[in-house]
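What follows is a single structure, written as structure tokens, with notes after it.
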Amino acid sequence: MADNALVFQSDFGLTDGAVCAMYGVSLAVDKDLHIFNLTHDITPYNIWEASYRLYQSVEYWPEGTVFVSVVDPGVGSSRKSVVAKTKNGQFIVTPDNGTLTHIKKNIGIVSVREIDETRHRRKNTEYSYTFHGRDVYANTGAKLAAGKITFEEVGEELPVEEILELECGEVSVSEGAVAGCVDILDVRFGSLWTNVPREEFKKIGAEFGDKVEVEIYNNSTLVYSNSIVYGHSFADVRIGEPIIYVNSLYCMAVAINQGSFAKAYSIGTGAHWKIVFKKLPQ
């Protein structure tokens, strides 16, 4: 009987049989597994997005939950296949290609093991090089979630400090201003989620209802500059107006009430999308 949940994430989408195949492999390991989806709509090849979505979700799941994240543009190359154990006792099965960046930085990873493919790859798949999600990750994740193997049996332990990490934007505070980057979009609604923690934003002295100057840069090019109300939620401004708020991860976000800020101003994500909040005289 399976003890733990198995949660899948990928950039495969649901228009073909890839996700279904991973389900089948997992249930062949243990038909009583409880399988869930984080998302299969990661932008193709976008490792940064995969990393952030794990950070957004993993810590809310019970100890022992196994996540399988497959966004793997380097499939079949020399990149390692690993299982990471988080500080809170969840497991993440993934290529070591930067997918663990946000988990390591924001939640903590206590141990990493390289998957021993001689033991944990599906039988008779050694000449298939492009579907490790099915043949290696789903199979290994299912065995771990079902208790068929222990974490120690995954393979050789690797140094946590050698996990491949993507570049993350820095947060800096100066007199009356705090700067960071646009980490990710609240995709369906087009809100900008930044890496600026609420505690750092508070240092500029803005209170709810105040207007705050917001500047957004793509590298060194200024693409947006305006004063925006700092509010509790979207209803604090009229429909079509922008607002600054604290998102569900306790970081600062910028949105348009019932509109898409990202589409309105063609804003992207990543360390090169800089955002600056400045307190205005009240």
Where the second residue is β-branched (Val, Ile, Thr) and the first is modelled with pLDDT under 95 and lies in the range 252-269, which pairs have Cβ atoms under 7 Å and are six or more apart or on separate chains? Thr269/Val182; Thr269/Ile184
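Rundown of residues vs (1) surrounded by 20 or more Cβ atoms within 10 Å (Cβ to Cβ); (2) over 13 Å from the mean Cα position of the chain (by Cα), yes/no style:
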site: Ser10; (1), (2): yes, no
site: Gly13; (1), (2): no, yes
site: Ser26; (1), (2): yes, yes
site: Lys31; (1), (2): no, yes
site: Thr43; (1), (2): no, no
site: Asn46; (1), (2): no, no
site: Ser51; (1), (2): yes, no
site: Pro73; (1), (2): no, yes
Odd one out for Gly141, checked against (1) small (Gly, Ala, Ser); (2) open to solvent by 20 Å² or more (accessible area, probe 1.4 Å); (3) part of a helix (DSSP H, G or I): (2)
Please go through (1) touching a residue at least 12 places away in the same chain (Cβ under 8 Å); (2) not in a strand (DSSP E or B) for Pro281 and return the number of the only condition it doesn't satisfy. (1)
Hey, any hits in the range 47-65 for a residue that's within 18 Å of Asn97 (Cβ to Cβ) and either part of a loop (DSSP other than H, G, I, E, B) or among the acidic types (Asp, Glu) (or both)? yes
Taking Trp273 and the conditions (1) part of a strand (DSSP E or B); (2) in contact with a Gly (Cβ under 6 Å, 6 or more places away or on another chain), which numbered condition does it fall short on, given that it satisfies the others? (2)
Verdict on Ser233 being farther than 27 Å from Leu54 by Cβ, surrounded by fewer than 17 Cβ atoms within 10 Å (Cβ to Cβ) and of a type in the set (S, T, N, Q): no
From the list Ile216, Ile267, which one is open to solvent by less than 20 Å² (accessible area, probe 1.4 Å) and not in a strand (DSSP E or B)? Ile267
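The values are calculated or read from the model by the stated rules, or taken from the named source; none is laboratory data. The model shown is predicted, which means the values in this text are computed figures rather than measured ones. Please note: Cβ atoms are built from the backbone with ideal geometry, for glycine as well, and neighbour counts cover all protein chains shown. Keep in mind that these areas ignore ligands, DNA and RNA; they rest on the heavy atoms of the full protein, side chains included. Shrake-Rupley method; radii C 1.70, N 1.55, O 1.52, S 1.80 Å.
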